[in-house]
Amino acid sequence: MKNLATAFIVGSPENCARGLMDISQDLNFSVVLNFKNQAMAEQQSKRTPICFFLFALDCTETNIPVMTALIRNSRNRQIKYAPMIGFIEAANSKMIGMCLKLGFDDIVLPPFKKSTLSPRLELQIGKPRIYYETADYFGPDRRKQVGAGLGNVRISKRKQNGAHTKITFCRNLKTGIQIQKKELVEHSTLQESQNAIVI
């Protein structure tokens, strides 16, 4: 199924990102590229509507928010809602917490094997997914998730008075991102992130 999708590798080629290139080829992505800029990704999304962004979390913390902002703030729906997956060599709670706040879909620890990675990537495709959008967050709901496999990572509570948007969508390998429903949800406070970890 993944042979219709593109894998963009995000990170320094000298380190973990080089290994991600090999892993992505093993996973049968149709195209594997180093992510350079938003325009490059938008052009590629015309050829393969679904693009995975695979982050080598060995890159400096200051670079990760910049790269995720390019993706999540894109005006191109195929890029804005693209799956962002983090690959990290060890359970670094600070790095994991930061990435979850940035709206990552999943974070993976070693061993990086095709047999375990394929099912996790397939979870991102072909079924309804829910994102929440507030003034300072865009991504999966983190409020009720509990650590699984990585240990509990405490994410600071953030409250946003007023409304937030709940977005239900589906990623389809042939047709791309399909928005199924957008709801404006009124709350006096919204706690976005608490004891969150990707399952």
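The values are calculated or read from the model by the stated rules, or taken from the named source; none is laboratory data. Since we're looking at a predicted model, the values are computed, not measured. All Cβ positions, even for glycine, are placed from backbone atoms using ideal geometry, and neighbour counts span all protein chains on display.
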Taking only pairs six or more apart or across chains, which ones have beta-carbon atoms under 9 Å, a first residue in the stretch 105-120 that is assigned to a loop (DSSP other than H, G, I, E, B), and a second residue that is surrounded by fewer than 11 Cβ atoms within 10 Å (Cβ to Cβ)?
L109/A90; P110/A90
Which one of the conditions (1) over 16 Å from D58 (Cα atoms); (2) touching a helix residue (DSSP H, G or I) at 6+ places or on another chain (Cβ under 6 Å) does T134 fail to meet, given that it meets all the rest?
(2)
Here are some residues: K114, K36, K80, K46. Which one is more than 15 Å from F8 (Cβ to Cβ), among the basic types (K, R) and surrounded by fewer than 21 Cβ atoms within 10 Å (Cβ to Cβ)?
K114
Starting from residues that are surrounded by fewer than 20 Cβ atoms within 10 Å (Cβ to Cβ) and out of contact with any strand residue (DSSP E or B) (no Cβ under 6 Å at 6 or more places or on another chain), keep the ones in the stretch 95-106 and report whichever is farthest from M67 (Cα to Cα).
G97
Kindly indicate whether any position in the stretch 48-60 is in a helix (DSSP H, G or I), modelled with pLDDT under 90 and within 17 Å of F112 (Cβ to Cβ).
no
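This table checks each residue for (1) part of a strand (DSSP E or B); (2) aromatic (F, W, Y); (3) at positive phi.
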position	(1), (2), (3)
P65	no, no, no
G97	no, no, no
G103	no, no, yes
G126	no, no, yes
G139	yes, no, yes
Filter the stretch 83-94 for residues that are of a type outside the set (D, E) and surrounded by fewer than 19 Cβ atoms within 10 Å (Cβ to Cβ) and give the result.
A90, A91, N92, S93, K94
Would you mind stating whether I71 is of a type in the set (A, V, I, L, M, F, W, C), outside any loop (DSSP other than H, G, I, E, B), in contact with an Asp or Glu (Cβ under 8 Å, 6 or more places away or on another chain) and within 23 Å of A5 (Cα to Cα)?
no
Filtered residues of the stretch 74-95 (kept if of a type in the set (A, V, I, L, M) and part of a helix (DSSP H, G or I))
I79, M95
Within the stretch 174-192, which residues are aliphatic (A, V, I, L, M) and at pLDDT 95 or above?
I177, I179
